[in-house]
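First comes the structure, then the notes that go with it.
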Amino acid sequence: MSANRMPVLFIGHGSPMNAIELNPFSRAWIEIGRALPRPKAILCVSAHWETSGSSVTAEESPRTIYDFYGFPKELYEVSYPAPGAPDLAMQVQGMVQAPVRTDLSWGLDHGAWSVLTRLYPEANVPVVQLSLNRSLTPQQHYDLARQLRPLRDQGVLILGSGNAVHNLRIMRWGDSAYEWAEEFDRRVKGWIETRDHDALVHYERAGKEASLSIPTNEHYLPLLYALALQERDEPVRFFAEGVTLGSISMRSVLIG
């Protein structure tokens, strides 16, 4: 392994409130941020940026996007003024075989900044976001992500931000998780531990637990982006886990 190879992260981001509330999940993000080597830049794949075709942000100064409503005023006052990285955006365009457009308007959505404000609170590491192309299958997303592997050897931290289980339509307050959510979360953990990426890509084969856990797959896909970057025999570690609000998995994975 290259001495400069960066680890890869997948973070189950859950509620944007994790950006301002201290709880077991946000504390775990803080701790992993302190343990990581400092990256030259960050490439983030967030559940909250879906596009027709693939896009990559290329702003010099990406804005903080408040893509949610009904939360406390304090959350809307959070700013994450990290610089952009137009050179990295152009590099991503050159690495990916399919066309990738540059985007100068998106910025950083809460899937990115609510996590990054815990990982790198000084906002001094350049950040680029790569969108989720709605027209791709899970296998095609996985294959696209594999093309990004050389970035790790250049000191780029690749971050997937989503949730392995994410069903907002039937979430419930309190600590009681649905049995199917816990069961599917355990399956995902097992597949990751045994490196069964085929099962992870073709999650729909898991039946009812999968369909309830992933009614739409935009929150699941960032996990595939992280796992596609795993090298042979490269270790994985779960630094946060648990199902909250009944139907949201907070499982977070460190690769490398």
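The values are calculated or read from the model by the stated rules, or taken from the named source; none is laboratory data. What you see is a predicted model; the values in this text were computed from it and never measured. Reconstructed Cβ throughout: ideal geometry from the backbone, glycine too, with neighbour counts over all protein chains shown.
Annotations for the structure displayed:
- Some residue of region 149-166 being more than 19 Å from the chain's Cα centre (by Cα) and surrounded by 13 or more Cβ atoms within 10 Å (Cβ to Cβ): yes
- Qualifying residue in region 122-131 (condition: surrounded by fewer than 17 Cβ atoms within 10 Å (Cβ to Cβ), within 21 Å of D67 (Cα to Cα) and touching a strand residue (DSSP E or B) at 6+ places or on another chain (Cβ under 7 Å)): no
- Failed item, numbered, when R237 is tested on (1) surrounded by fewer than 14 Cβ atoms within 10 Å (Cβ to Cβ); (2) in a helix (DSSP H, G or I); (3) touching a strand residue (DSSP E or B) at 6+ places or on another chain (Cβ under 7 Å); (4) not aromatic (F, W, Y): (2)
- Which numbered condition G246 misses (of (1) in a helix (DSSP H, G or I); (2) of a type outside the set (F, W, Y); (3) in contact with a Phe, Trp or Tyr (Cβ under 9 Å, 6 or more places away or on another chain); (4) within 19 Å of E179 (Cα to Cα)): (1)
- For region 73-97, residues that are without any contact (Cβ under 8 Å) to a residue 24 or more places away in the chain, more than 22 Å from Y120 (Cα to Cα) and assigned to a loop (DSSP other than H, G, I, E, B) total 0.
- Region 171-195 - residue that is more than 20 Å from the chain's Cα centre (by Cα) and among the small types (G, A, S) and, of those, modelled with the highest pLDDT: A177
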